[in-house]
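The values are calculated or read from the model by the stated rules, or taken from the named source; none is laboratory data. Since this is a predicted model, take the numbers as computed values, not measurements. For accessibility, only protein heavy atoms count, side chains too; no ligands or nucleic acids. Shrake-Rupley method; radii C 1.70, N 1.55, O 1.52, S 1.80 Å.
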Amino acid sequence: MQNDSNKLPPKVLAISSGKGGVGKTNVVANVACALSRKGKKVLIFDADMGLNNIDILLGLASPFHIGHVFAGEKKIEDVLVDGPRGIKVLPASNGWQELTLLDSEKKLLLMEELDRISGDFDFLLFDTGAGISSNVTYFCSAAHDILLVATTEPTSHTDVYALMKVLFQQHRQKRFRLIVNAVKNEREALGVYKRLSSVLDRFLGGVTLEYMGYIVHDVNVSKAVRQQRPFVDLYPHSKVSQCIDLVTQRILMERDRFSPDSDRPFAWRSVLQI
């Protein structure tokens, strides 16, 4: 794989939630497909490395995964899987508990491998695990932008806030984006955004939260999950697919403004302090 020196490095997005069960991986898969449909080259990394999710959601199968890279048995390009619409997926392992807490050596190896292939992509999406583990905070800190997925559930709000608090206090992250999933309408989504913003203003001064959009509750989502297909492909004219398109447009607007000189650098080494 070759890196064009005139090409921007990939925009690295960490998609996280603090809490499981909010539809984060489904958001990742469909945003990736929407980006690819707009001509962008996308790599999804299933960064919940002990439990594979994204490949199952998309009906993909591979004999290899990130664990084989860490073991020195494979290079990253050997384990990449072809997903829908030309996206690439770097699958996680299934049940490798040792990968749920990466040491510095493994982080360095991962950094070097992703650096090596990064020139082939416009976007690199980290589908992080749930919670506030060191793996989650590492991948969030290594990204250019952190997109948080929340729902209307109070537990989702508290867990998203907890993740922002940890990333701010321990990793100096001050800028977050919010996608509100499974809502009746945008008014409901804006209510979630305003509540979280109010809590941040009160308790975490200096932290900003930007509203990136909402995704309506739609029966087509569960239908697509059962078929292991992205709903933007199966139901492209549905309201939920239109919501994904709006979120994707905002992501692309940020990409157009992205420059390695004006934005955060590709942050692997700063996170690892090397």
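Summarised in one figure, the compactness ratio Rg/Rh of the chain, Cα atoms and Kirkwood Rh, is 0.94. Considering only 142, 189, 162, the Gaussian network model of the chain with Cα springs below 10 Å gives its largest mean-square fluctuation to 162. Looking at region 1-159 alone, DSSP beta bridges between its own residues are antiparallel in about 10 percent of cases. In the chain, the DSSP beta bridges split such that about 5 percent are antiparallel, to the nearest 5.
Return the subset of 184/239; 107/165; 24/75 for which the Cα-Cα distance in this structure is over 19 Å, preserving the input order.
On the way: 184/239 11 Å; 107/165 23 Å; 24/75 27 Å.
Too far apart for the 19 Å limit: 107/165; 24/75.
Accessible area per residue (1.4 Å probe, heavy atoms of protein chains only) ranks 225, 219, 81 as 219, 225, 81, with the largest value leading.
How high is the relative contact order of the chain, given as a whole-number percent (alpha carbon pairs under 8 Å, six or more residues apart)?
25 percent
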